[in-house]
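> Take this structure first; my questions come after.
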Amino acid sequence: MNLAPYASDPARSRGRLHAEEARVTRGPRDVFQRDRDRIIHSVPFRRLRHKTQVFVAPDGDHFRVRLTHSLEVAQIGRTIARVLGLNEDLTEALCLAHDIGHPPFGHAGEDALQAAMVEAGGFDHNANTIRLLTRLECPYPDFSGLNLSWETLEGLAKHNGPVAAPTWALADADRAFPLDLETWPSLEAQVAALSDDIAYDNHDVDDGLRAGLFTLRDLLEVPLVARGWEAVRARHPDCDEKRLLPELVREQIGIMVNDLIGETRRRIGGIASVEAVRAAGRPLVAFSESLRAEERQLKRFLYARMYDAPEVRAVKERAQRVLAGLFAAYRADPRRLPAEWRPASDDRPAILRAIGDFVAGMTDRYAIRRYEELVGPAELPEGF
């Protein structure tokens, strides 16, 4: 792999929190390749297949969930990293793990946990990603967590930029293994963040059309989509509209990826090291101003017609009540927690955080099943 001077070099990694015996060899992999593989083989990664992306436990087999979304983000991220001369393995690891800390029911579940845990410092899915990977997931005999490299943990902690006020979970991890939260992250982490945007902007278009939440005619009110559709129709003037919808999604991804690569190349001119990336004081991976404005218009459309659509909102509100009720049941009697999840202390924040750890790890389906066992019928509307 030929790396640019501003790329993250595995040979210069800051290492892992816990030293590992060099004699344990499982294939010729560098530090970032091992991180990626540890994430893929982890239990929290497997649970993503039954966690909400937009729709809660969707009836349709073709809708995206957190796992398929993460795989799509990784594909986009690797493509961008390759063109820019960045480390593809670190980029892929960050893309695959970026949503691993999400609770059941997506952002609706996060809001419910934040409210339930306010006495214990609240809940944040990004901080929970770090907590899962450094403390809760324990497949190794000599240490807690996956013992990921500093660069992977740093990128996950602040892929959206510097963190001025870390929540309790991230602050705990930072005390154990300082992650320089006040600086910008690597270019690989910045690529992962915008690959996430590109993936959900465009694949949510696909899911929204499939679910019937809006039509192509509605969508063409968005200038970015209209521009893509015009290009697609020009190339395939005699093709049926329905068969062109996947091509429209591909076209939009291409437009956004190419714009990001061009703008990023402009911004990284003169950047000669990873240290210079972190000291830049601003993001270096970015869309152009014109594309960023168009992307915001697309997001506004998706919020209005999909994320906040009455049909979707009704399910999310019910899902929030399910998670809040489930948390309340465990709070009323922590002995209902499995033995390995019960806190050693009677300290109230410790109890709330133990419940939060257990509930956040649930899949949508498991949360619904446990709610019905402990509280009563979930009564989630069908469809979404």
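The values are calculated or read from the model by the stated rules, or taken from the named source; none is laboratory data. Quick caveat: nothing in here was measured; it's all calculated off a predicted structure. As a convention, Cβ positions derive from the backbone with ideal geometry for all residues, glycine included, and neighbour counts pool all protein chains shown.
> Looking only at region 139-170, count how many residues are closer than 22 Å to Asp89 by Cα, surrounded by fewer than 19 Cβ atoms within 10 Å (Cβ to Cβ) and at pLDDT 95 or above.
1
> Output the number of the condition that Ala173 fails; it satisfies all remaining conditions of (1) surrounded by 17 or more Cβ atoms within 10 Å (Cβ to Cβ); (2) over 18 Å from the mean Cα position of the chain (by Cα); (3) aliphatic (A, V, I, L, M); (4) within 21 Å of His107 (Cβ to Cβ).
The one condition Ala173 does not meet is (4).
> Ok, one more. Can you list residue pairs whose Cβ atoms sit under 7 Å apart, with the first residue in region 346-368 being in contact (Cβ under 8 Å) with a residue 12 or more places away in the chain and over 21 Å from Ala108 (Cβ atoms) and the second being among the aromatic types (Phe, Trp, Tyr) and surrounded by fewer than 21 Cβ atoms within 10 Å (Cβ to Cβ)? Count only pairs 6 or more apart in sequence or on different chains.
Pairs found: Ala354/Trp341.
> Among the residues of region 68-82, are any assigned to a helix (DSSP H, G or I), of a type in the set (A, V, I, L, M, F, W, C) and either within 30 Å of Pro343 (Cα to Cα) or at pLDDT below 95 (or both)?
No, region 68-82 contains no residue that is assigned to a helix (DSSP H, G or I), of a type in the set (A, V, I, L, M, F, W, C) and either within 30 Å of Pro343 (Cα to Cα) or at pLDDT below 95 (or both).
> Do we have Val232 as free of Cβ contacts under 8 Å to residues at least 24 places away in the same chain, surrounded by 12 or more Cβ atoms within 10 Å (Cβ to Cβ) and assigned to a helix (DSSP H, G or I) here?
So Val232 fits the description; yes.
> List the residue pairs whose Cβ atoms are under 8 Å apart, where the first residue sits in region 274-294 and is among the basic types (Lys, Arg), the second is in a loop (DSSP other than H, G, I, E, B) and modelled with pLDDT under 95, and the two are 6 or more positions apart or on different chains.
Listed pairs, sorted by first residue: none to list.
> Conditions: (1) on the phi > 0 side of the Ramachandran plot; (2) assigned to a helix (DSSP H, G or I). Gly145 meets all but one. Number of the miss?
Just one mismatch for Gly145, condition (2).
> Out of all the residues in region 310-354, which are surrounded by 17 or more Cβ atoms within 10 Å (Cβ to Cβ) and outside any helix (DSSP H, G or I)?
Once the filter is applied, which keeps residues that are surrounded by 17 or more Cβ atoms within 10 Å (Cβ to Cβ) and outside any helix (DSSP H, G or I), region 310-354 yields Leu337, Pro343.
> Continuing with this model, one more query. Identify the single condition in (1) closer than 19 Å to Trp150 by Cα; (2) modelled with pLDDT of 95 or more that Arg29 does not satisfy, given that it satisfies every other one.
(2) is the only condition that Arg29 fails.
> Still on this structure, please answer the following. Determine which member of the set Glu110, Glu119 is assigned to a helix (DSSP H, G or I), among the charged types (D, E, K, R) and surrounded by fewer than 20 Cβ atoms within 10 Å (Cβ to Cβ).
Going through Glu110, Glu119 in turn, just one is assigned to a helix (DSSP H, G or I), among the charged types (D, E, K, R) and surrounded by fewer than 20 Cβ atoms within 10 Å (Cβ to Cβ): Glu119.
> Could you give me the residue pairs with C-beta distances under 6 Å whose first residue belongs to region 28-41 and is more than 11 Å from Leu96 (Cα to Cα), whose second residue is among the acidic types (Asp, Glu) and in a helix (DSSP H, G or I) wherever it lies, and which are 6+ apart or on separate chains?
These pairs meet every condition: Phe32/Asp89; Gln33/Asp89.
> Which one of these does Arg265 not meet: (1) exposed (fewer than 13 other Cβ atoms within 10 Å of the Cβ); (2) more than 18 Å from Phe287 (Cβ to Cβ); (3) modelled with pLDDT of 95 or more?
(2)
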